[in-house]
Amino acid sequence: MERFAVIGLGRFGMRLAMQLADAGAEVIAIDRDPEIVEEIKDRVALAVSLDATDEQALLAQGIDKVDAAIVGIGVDFEESVLSTVILKQIGVKRVISRATTSVRGQILSRVGADDIVNPERESADRWCNRLLAPAVLERTVLGEGYSLVQVQAPASFHDRTLADLAVGARYKVLVVAIRRTTEHTAPDGTATSSQTVISAPGPTSAVRAGDV
């Protein structure tokens, strides 16, 4: 089971924490405000009120062992920066920090953030999908239990046919198209690329490196 820490339970953080928990992840929800923590405590594995710039308090909750920490603090930018620095110092593998402007995003990246989220542009639902299924490039929900997704072909698929891979039986998915990028070199040495789409690929269709 994947483990996430969501720090800062504003509108974005609260929704992201609940979305991750509903998807089966183990979520530690953190905020300074005990009333906000009380609201979410029954929806996540652990909800605690603490100062996210307190290294010892974070270690006491096992934050150093999560797969990713999302710093959703939106009001106090200094606290967001300090939290990001401390999370990286204690060994969190991936830290995703909230930034409301591009300049703040650059600062957070420089102090160690592995990724930047702008809640004004990106929804918590989208980030939930990115965290739980990083290979998924895009997802469109078609109806209950059905989605159309774009997935980068993993290395284990390369140079194998769809029949060999048996994706329908193994993964319960239907491959509706393969998008392939081909690199070209012009006579003058200029590198260019083109994309082709193989629609409704059959069992003998092969998957190549770089395919989506």
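The values are calculated or read from the model by the stated rules, or taken from the named source; none is laboratory data. Keep in mind that this is a model prediction, so the values were computed, not measured. Note that each Cβ is placed from the backbone with ideal geometry, even for glycine, and that neighbours are counted across all protein chains shown. What goes into the accessible areas is simple: the full protein's heavy atoms, side chains included, and nothing from ligands, DNA or RNA. Shrake-Rupley method; radii C 1.70, N 1.55, O 1.52, S 1.80 Å.
Pairwise alpha-carbon distances in the chain exceed 27 Å for 44% of all pairs.
Spin-label model, residue 138 to residue 60: label points 7 Å out along the Cα-to-beta-carbon direction sit 4.7 nm apart.
On full extension of the chain, what length is gained from residue 149 through residue 118, given 0.36 nm per residue of separation minus the C-alpha to C-alpha distance?
Result for the pair: 8.9 nm of gain on full extension.
Comparing 30, 107, 86 in a Gaussian network model of the chain (Cα springs below 10 Å), the most mobile by mean-square fluctuation is 107.
In percent, rounded to a whole number, the relative contact order of the chain is 14, using alpha-carbon pairs under 8 Å and six or more apart.
Comparing 115, 164, 22 in a Gaussian network model of the chain (Cα springs below 10 Å), the most mobile by mean-square fluctuation is 164.
Where only protein heavy atoms count, and the probe is 1.4 Å, what is the accessible area per residue for the chain in Å²?
Numbers: 12010 Å² over 212 residues.
Spelled out: the 1.4 Å probe surface of the chain, per residue, equals 57 Å².
Can you show me the helix-derived [θ] at 222 nm for the chain, built from DSSP H runs with n ≥ 4 at -39,500 (n - 2.57) apiece and divided by the number of residues, rounded to the nearest 500. Please report the intermediate quantities before stating the final value.
Values: 8 runs with 65 residues, N = 212.
After summing the helix terms and dividing by residue count, I get -8500 deg cm²/dmol.
The alpha carbon centroids of the range 133-212 and the range 69-106 are separated by 34 Å.
With each label modelled as a point 7 angstrom along the Cα→C-beta vector, the residue 93-residue 180 pair spans 3.3 nm.
Which percent of the accessible heavy-atom area of the range 9-100 goes to carbon and sulfur, probe 1.4 angstrom? Whole-percent figure for carbon plus sulfur exposure: 46.
Seen from all sides and averaged, what is the projected area of the convex hull of the Cα atoms in the range 9-99, in nm²? Don't skip to the end; give the middle numbers.
Details: hull surface 20.6 nm².
Dividing the Cα hull surface by four gives the mean projection, 5.2 nm².
Figure note: 38, 26 ranked by solvent-accessible area, largest first, 1.4 Å probe, ligands and nucleic acids not counted: 38, 26. Applying 0.36 nm per residue to the separation of residue 43 and residue 100 and subtracting their alpha-carbon distance, the gain on full extension is 17.8 nm. In the context of the full protein assembly, residue 178 retains an accessible surface of approximately 10 Å², using a probe radius of 1.4 Å and ignoring ligands and nucleic acids.
Amide hydrogen proximity for residue 27: with H placed 1.01 Å from N in the peptide plane, the residues at 5 or more positions away or on another chain lying under 5 Å are 4, 45, 46. When 211, 31, 114 are compared by accessible area at a 1.4 angstrom probe, the order from most to least is 114, 31, 211. Here residue 51 sits with roughly 50 square angstrom of accessible surface, probe radius 1.4 Å.
Computed on protein heavy atoms with a 1.4 Å probe, the accessible areas place 18, 1 in the order 1, 18, largest first.
When all protein chains stay in place, what accessible area (Å², nearest 10, 1.4 Å probe) is found for residue 3? Counting only protein heavy atoms, the figure is 60 Å².
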